[in-house]
1. Is it the case, given these coordinates, that residue 307 is open to solvent by 10 Å² or more (accessible area, probe 1.4 Å) and under 13 Å from residue 117 (Cα atoms)?
2. Go through the range 67-106 residue by residue and tally those that are under 14 Å from residue 126 (Cβ atoms) and among the hydroxyl-bearing types (Ser, Thr, Tyr).
3. Hey, among the residues in the range 187-215 that are more than 14 Å from the ligand (Cβ to nearest atom) and either in a loop (DSSP other than H, G, I, E, B) or among the aromatic types (Phe, Trp, Tyr) (or both), which one's nearest to the chain's Cα centre (by Cα)?
4. Is one or more of the residues making up the range 238-259 within 15 Å of the ligand (Cβ to nearest atom), more than 23 Å from residue 327 (Cβ to Cβ) and outside any strand (DSSP E or B)?
5. Please find, within the range 187-222, the residue that is surrounded by the fewest Cβ atoms within 10 Å (Cβ to Cβ) out of those that are of a type in the set (Lys, Arg) and over 28 Å from residue 173 (Cβ atoms).
6. Can you tell me which residue in the range 260-299 is farthest from residue 180 (Cα to Cα), limited to those that are open to solvent by 10 Å² or more (accessible area, probe 1.4 Å) and within 15 Å of the ligand (Cβ to nearest atom)?
7. When you look at residue 332, is it surrounded by 24 or more Cβ atoms within 10 Å (Cβ to Cβ) and either closer than 28 Å to residue 234 by Cβ or within 16 Å of the ligand (Cβ to nearest atom) (or both), yes or no?
8. Within the range 130-157, track down each residue that is open to solvent by less than 20 Å² (accessible area, probe 1.4 Å) and among the aliphatic types (A, V, I, L, M).
Amino acid sequence: MNRRDLLRAAAVATAAVPAGAVTSDTRLDLDAVRLYLRHKWTTVMSSSEYRDVISVAYTHDGLTGRGEGAPIVRYKEDAWSGLLALEKERALITFSDPWEFEKLMAQLFREIPEAYAAKSAVDIALMDWIGQKLGIPLYRYFGLNPKATPVTTFSIGIDDPAKTRDKVREAAPYPVLKIKVGLDSDEATIAAVRSVTRKPLRVDANEGWTDKEVALRRIQWLATQGVEFVEQPMPADRLDDMRWIHERSPLPLIADEAVRHPSDIPKLLGAFDGVNVKLDKCGGIMEAYREIQIAKAMGLKTMLGCMISSSCTVTAAAHLSPLVDYADLDGNLLVANDPWRGVTVDKYGKLILPDRPGLGLLRS
Ligand code: MG
C-alpha cells in the first residue's frame, strides 16, 4: 500500500464514522461511587448511612463531561443493575455523535426500558460536554437567567424529637425547611421543629398516609403550623382519594412519587397542584426540561427535587431551577464526601449557579 492508498483508506474510514463521533481520546468511564451521609437518613421508605450512585465520564475531543444518577429504591433501581444496563449500551453511547444527543438519548430510552438514574447519568454527562464544547454554562444553553434561581429548602429526615431539634438548629443557614413526615409521630416531629424555629416549612409525607380522612385531618392541622405545601400525602396510585383530598385541602398538594415521567402529568389534574421533577426519576436534564414545560402548560406549579446525590446531579438540576416555582436541591448538602463543587447556597438560601462552561463542576 503506497502513501496515496493509505490516505484514501483513511478518508474512507473517516467517512464511515458519523461526523464528530470518534476522536483519538473518545472513551466512556462507568463506575459506582459510595456517598456517605452526614446523618443517618430516614424517610417513610428507607433508612441508610450511605448511597451508591452511578458515575459516568464521557470523554471526547479533548473534553470530559460528568454525569451521575442516584438509583431510586422505590422504583426497584440500584447502582449495579444500572451500570450493567449502560455497559450493554457502551458502544451506542461511546460512538454516537454527541452533538445529536437528542437522537442518542431517544435510542438509549428505547434500548433500556427502566434504569432511569443510569440514563440520567448519561444525559447529564452529554449535556456537560455540550456546554463545555460551546463554552457556555448550561443555564445559558436553556436561555435562563442565573439570578432568577429560587431558594432551596433544606430537608430534615425523620428522627426522635431531640435529634430533630438538633438537625433544625444545624439547618440555621436555610430559610425554608422541608420536613419528612408520614408516621404516627408526625405531630411530635412538627412540634419539635416548631419549638426551635418559626421558619416556613414544607412537608413531605412520601406516600405515608393511607387513609384519606386521616390525611386530610393532618393537612388541616399542618395548615395551622406555618406549612406552605404538602408533598405526596398518599400512595401514588390512590388518585381518586387524592382528588377527594384536593377538593378539601387548605394547602397546595405536590405530586412526587405519583409523577415519574412527563406522560404521568395529565392524570394528576384535579388531584394535585404541582409536580416535583427529579432528574433521577425521569432520566436526565432534557427529560426534566420537557416535564417542567408540560406541567407549566397545564397550569401546575413546578418544583425541582433531588435524591441523595453529589454536587454533580444537584448542579445539573440547579441549572434548570430558574424555570421552577420551588427547589428542594439539598441532596449534596447531606453528603459527607462530595467529590464535586458546583452549585452553592447563599445566606438567604438562594441557589448560586457556577458560571463556568457546562455544569461548571470543580473537584472538591
Ligand atoms: Mg418527595
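The values are calculated or read from the model by the stated rules, or taken from the named source; none is laboratory data. Being a predicted model, the structure only gives us computed values, none of them experimental. In this analysis, Cβ positions are derived from the backbone assuming ideal geometry, glycine residues included, and neighbour counts consider all displayed protein chains. The accessibility values were calculated without ligands, DNA or RNA, using every heavy atom of the protein model including side chains. Shrake-Rupley method; radii C 1.70, N 1.55, O 1.52, S 1.80 Å.
1. Details: open to solvent by 10 Å² or more (accessible area, probe 1.4 Å): yes; under 13 Å from residue 117 (Cα atoms): yes.
Judged against the criteria, residue 307 is a match.
2. To start, the set of residues in the range 67-106 that are under 14 Å from residue 126 (Cβ atoms) comprises 67-69, 86, 89, 92-106.
Those still in the list that are among the hydroxyl-bearing types (Ser, Thr, Tyr) too: 94, 96.
Qualifying residue count, the range 67-106: 2.
3. 200
4. Yes, some residue in the range 238-259 is within 15 Å of the ligand (Cβ to nearest atom), more than 23 Å from residue 327 (Cβ to Cβ) and outside any strand (DSSP E or B).
5. Residues of the range 187-222 of a type in the set (Lys, Arg): 194, 198-199, 202, 212, 217-218.
Remaining after also requiring over 28 Å from residue 173 (Cβ atoms): 212, 217-218.
Numbers: 212: 18, 217: 12, 218: 22.
Residue satisfying both the conditions and the ranking: 217.
6. Narrowing the range 260-299 to residues open to solvent by 10 Å² or more (accessible area, probe 1.4 Å): 260-264, 266-267, 269-270, 273, 278, 286-287, 289-290, 293-294, 296-299.
From what's left, within 15 Å of the ligand (Cβ to nearest atom): 260, 264, 273, 278.
On the way: 260: 20, 264: 24, 273: 19, 278: 17 Å.
Ranking the candidates gives 264 first.
7. Details: surrounded by 24 or more Cβ atoms within 10 Å (Cβ to Cβ): yes; either closer than 28 Å to residue 234 by Cβ or within 16 Å of the ligand (Cβ to nearest atom) (or both): no.
Taking the combined requirement at face value, the residue does not satisfy it.
8. Start the filter on the range 130-157 by keeping residues that are open to solvent by less than 20 Å² (accessible area, probe 1.4 Å), which leaves 130-131, 137-139, 149-150, 152-153, 155-157.
Those that are open to solvent by less than 20 Å² (accessible area, probe 1.4 Å) and among the aliphatic types (A, V, I, L, M): 130, 138, 156.
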